[in-house]
Structures are given as structure tokens and as C-alpha cells.
Amino acid sequence: MAPVTHVYNPLSYAWSAHRQYLERYGCNLEMEVILLGMNPGPWGMAQTGVPFGEVTLVRQWLGIEAEIERPEDEHPKRRVEGFDCHRSEVSGRRLWGWAKEQFGTPQEFFRRFFVANYCPLMFLEASGRNRTPDRLPAAEREPLIEACDEALRRTVDVCEPRFVVGVGRFAEQRARQAGSVDQNRDNDGDDDEHHCQQRRSINHCSGPCWLCRRQVTDPDGRVLLRHYNELFIRCKLPRFQKTQQSGSTNATDTGSL
């Protein structure tokens, strides 16, 4: 296996655009679902600083554009051109294209959804080939996963979504694992802080689709996600359940697929 020679961190060199994304569309009180990707793609977030950040849709639909700096150690075959990049991130075109088609405006989409990546880093081999986090050597992968699991739990604590949807098998698996670890949030020293715990009874879709083959509803019958099998990535639906330290639950629904 060829070693990783370059690591890009868009949260550093593309922070100006990522900050716009957070300030405009960050978690709100009505948000129900986090769509969780794996890590930046070379023609998406690596260029724009936005998860699944296909340049045209980020600029024209999300209304985000900023000057993007360069990584400190840039791979000669994977130049960062920012919003001047003419390549298209296929996954980003599909995700944001779906959001635009189904919700019309970013405001309506982000009222119920937030999009994030499990890992903020992109890994490149000497050839310029993208190395995904799940293919890193164990000595490199394990500390990365520990840090990213903790970051995901903190994101869930802040956003308080009802569901976390892993976009792809790896993101789904990490969402399950991160959600299965009881993590005390003792910012004030109190014993009754909430913590995240994965619900054990999980319905899921395992077909070759993107979000789901069937609709996801809450107990009141409101549709969270519908049948969008024209999109492309496998879907699972982990549930992060907020619990009190005493063991009582704030929510008992799992949704159905």
C-alpha cells in the first residue's frame, strides 16, 4: 500500500468559506437530521471548504464564495484552485442537487437538515490518488478515528438532531460507533449533564440507494426523508438518543424506513 504523502485540511486554508457555511446554515432549533459524509473530496470540500462542496452549487445555490488559500504542502497533481476549479464533485452535485430539487431554497433545507463530514482531512498518495480514512494504516487510522468520534459527539451535543444519517457505509459505521459510547458532557460540573447514546433498535435500508428506498417518518407522521433511489450511496439510519444521567429518556422514537 502506497504511503500518504500529503494531507489537506480545508478547515484551515478554506476557513473563510467554511465559516460562511457555518454562520449561514449552522445548527438551528428545528434541525432534525445530520447528513454525515466521510471526508473531503478533491473537487468538493478540498476546493470550497463546504462539505460535498461542488463548486457551482456552493456558489449559485448556497450563495457562498470566498478566496481560498493553498495548503502548505500542495500536491502537484491535486492543486487547490478554489472557486476557479472547473472539475465537478459528483457526490456533491448529487447531494446538493437533491436538496435544491426537493426543498427549493437552502433556508428550507437547512431548517431540518445539516450536512457535515466525519473527518475534515483529505489524504493523498504520491500518485495523487485519494486515500480515504478507512484505508489508512491502523497506526494512523486509530488516533484519527478517536478524534473524529469525539468531534462527532460534540457536534451532536450542540445540534441535538433526532437522527444522524451516514452517507455511505463508513460514515454510517462511525456514526453507530460514536453514538454507542456514553460520553458525559460535564461542562458545569453537574451530574445531570446529557450524554449521547446510540439506540439499539435501529431500522435501516441496506439497498444500493442514497438516502433511502422508503420514507422516514417521525411518530407524528411527518416525513423526514422520502424515496430518493435515483441517488447513489448506501444508507443507514443510526439514532442518537439523548438521555438523562438518571436513565430517563427524552425521546423514544426511532423512525421507520
Qualifying position, being among the β-branched types (Val, Ile, Thr) and surrounded by 21 or more Cβ atoms within 10 Å (Cβ to Cβ), among Val158, Val167, Val90: Val167
Single match in Val165, Val156 (criterion: part of a strand (DSSP E or B) and hydrophobic (A, V, I, L, M, F, W, C)): Val165
Any hit, the stretch 45-56, residues being in contact with a Pro (Cβ under 9 Å, 6 or more places away or on another chain), of a type in the set (Ser, Thr, Tyr) and at pLDDT 95 or above: yes
Subset tally (residues that are of a type outside the set (A, V, I, L, M, F, W, C), touching a residue at least 60 places away in the same chain (Cβ under 8 Å) and at positive phi) for the stretch 3-54: 0
Of all residues making up the stretch 81-109, the number that are farther than 15 Å from Tyr25 by Cα, out of contact with any Lys or Arg (no Cβ under 8 Å at 6 or more places or on another chain) and among the hydrophobic types (A, V, I, L, M, F, W, C): 4
Ala175 being among the hydrophobic types (A, V, I, L, M, F, W, C), closer than 27 Å to Arg94 by Cβ and either in a strand (DSSP E or B) or at pLDDT 50 or above (or both): yes
Leading residue by the ranking (surrounded by the most Cβ atoms within 10 Å (Cβ to Cβ)) among those in the stretch 99-137 that are part of a loop (DSSP other than H, G, I, E, B) and among the β-branched types (Val, Ile, Thr): Thr132
Pairs with Cβ under 7 Å, 6+ apart, first in the stretch 72-100 and under 14 Å from Thr56 (Cβ atoms), second assigned to a loop (DSSP other than H, G, I, E, B) and aliphatic (A, V, I, L, M): Gly82/Ile68; Phe83/Ile68; Arg94/Leu231
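The values are calculated or read from the model by the stated rules, or taken from the named source; none is laboratory data. Just so it is clear, the model here is predicted, and its values are computed rather than measured. So basically every Cβ, Gly included, is an ideal-geometry build from the backbone, and we count neighbours across all protein chains shown.
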